[in-house]
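Enquirer: One structure coming up, written as structure tokens, with questions to follow.
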Amino acid sequence: MGVGGAGAVVDTPHHAATVVHIPHSSTRIPADVRPTLAVSDSELELELLRLTDRYTDELFDLDPAIATPVVFGVSRLVVDPERFSDDALEPMAARGMGAVYMSRTDGTPLRATLTIAQRARLLARFYEPHHAALEAAVQEALLARGRCLIIDAHSFPSEPLPCDMSQERPRPDVCIGTDAFHTPAALASNAVAAFEARSLEVSVDRPYSGTIVPSRWHGRDARVSSVMIEINRRLYMDEATGERAATFSPTQETVISVLLALIDAYAR
């Protein structure tokens, strides 16, 4: 991997041009973090059920030769890597759900207190290494292929959470999130068409909008493309228990087939 000269790209097949970002699939709360959450075990389980994008690491599981996975290893209740670290830039911070959540989905406290130093330690331990890994994966793709497609992988509940900015009902089967600079029109339209061809209802930037791009390239380097794909949880799991539904495997096959079609179109 590397560049052979000004503007020259070395084509190294073992490095994919696609990065699959999976930020919210984990339910893990490190033992030393658990005491800082001012909720009972049953309350914690409810928040994990509401907020975890369970099984997205499986739904979006591609061959590493095709796409490089970047998976956040702890729950978003520890820190949320999809939020801006600066609360002044993060709209959800006003609801107590910035990069480090202070509130639960219903607005009640998740953490009783959080000092500036404690917040900084959480970000340094979990948030910053994850973003460094994402940036490294994108950089490898750019060096090897000259461009990078980021697929931002999520799921969402079939009914809005109290904290959700959009309370619109009914919710679609699939939500495609875009960025005005980093989501080419063809990428978004291909994603919509691919899911609709599989008899799924699709909305763009509804009920969730946007897609992740590392700040190093955000708004300034069109070689980095990104699209968010959110799968309605009713398609693949029992939302009351968190268990896989009988429809899990067919849904996984659908998602994988769409991802492969998008990656193939992007490579052309």
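The values are calculated or read from the model by the stated rules, or taken from the named source; none is laboratory data. Since the structure is predicted, the reported quantities are computational estimates derived from the model, not experimental observations. Using ideal geometry, Cβ is built from the backbone for each residue, glycine included, and neighbour counts are taken over all protein chains shown. Areas reflect the complete protein model, heavy atoms only, side chains present, ligands, DNA and RNA absent. Shrake-Rupley method; radii C 1.70, N 1.55, O 1.52, S 1.80 Å.
Enquirer: Using amide H atoms built in the peptide plane, which far-off residues or other-chain residues are under 5 Å from residue 156 H to H?
Expert: HN-HN under 5 Å from residue 156: 231, 232, 233.
Enquirer: Net charge within 11 Å of residue 16 by Cβ-Cβ distance, Lys/Arg positive one each and Asp/Glu negative one each, not counting residue 16 itself?
Expert: Spelling it out: positives minus negatives among the neighbours equals -1.
Enquirer: Would you mind checking which residues have amide H under 5 Å from residue 19's amide H? H placed 1.01 Å from N; only 5 or more apart, or other chain.
Expert: 68, 149, 150, 151
Enquirer: If you restrict to DSSP beta bridges whose two residues both lie in segment 147-268, what percentage is antiparallel, to the nearest 5?
Expert: Restricted to segment 147-268, the bridges split so that about 30 percent are antiparallel.
Enquirer: Given a 1.4 Å probe and the protein chains all in place, what does the accessible area of residue 84 round to, in Å² to the nearest 10?
Expert: Counting only protein heavy atoms, residue 84 exposes about 110 Å² to solvent.
Enquirer: OK, next. Which residues in segment 150-172 have a backbone N closer than 11 Å to a point placed 7 Å from the Cα of residue 106 along the Cα-to-Cβ line?
Expert: Backbone N within reach: 162.
Enquirer: Work out the FRET efficiency for residue 117 and residue 240 from their Cβ-Cβ distance, taking R0 = 41 Å, and round it to the nearest 0.05.
Expert: E between residue 117 and residue 240, to the nearest 0.05, is 0.55.
Enquirer: Here's a follow-up. For a Förster distance of 25 Å, can you work out the FRET efficiency between the beta-carbons of residue 159 and residue 209, rounded to the nearest 0.05?
Expert: So, using R0 = 25 Å, E works out to roughly 0.85.
Enquirer: Beta carbons within 10 angstrom, averaged per residue: use that to sort the peptides 35-47, 52-64, 191-203, highest first.
Expert: 52-64, 191-203, 35-47
Enquirer: What per residue convex hull volume, in Å³, comes out for segment 88-214 when only alpha-carbon positions are used?
Expert: 132 Å³
Enquirer: To the nearest 0.05, what FRET efficiency results for residue 169 and residue 136 with a Förster distance of 45 Å applied to their C-beta separation?
Expert: After rounding to 0.05, the efficiency reads 0.65.
Enquirer: Two decimals is fine: what's Rg over Rh for the chain, C-alpha atoms, Kirkwood radius as Rh?
Expert: Taking Rh as the inverse mean 1/r over Cα pairs, Rg/Rh reads 0.96.
Enquirer: For the chain, what is the calculated [θ] at 222 nm in deg cm²/dmol (nearest 500), taking -39500 (n - 2.57) for each run of four or more DSSP H residues and dividing by its residue count?
Expert: -8500 deg cm²/dmol, from helical runs alone.
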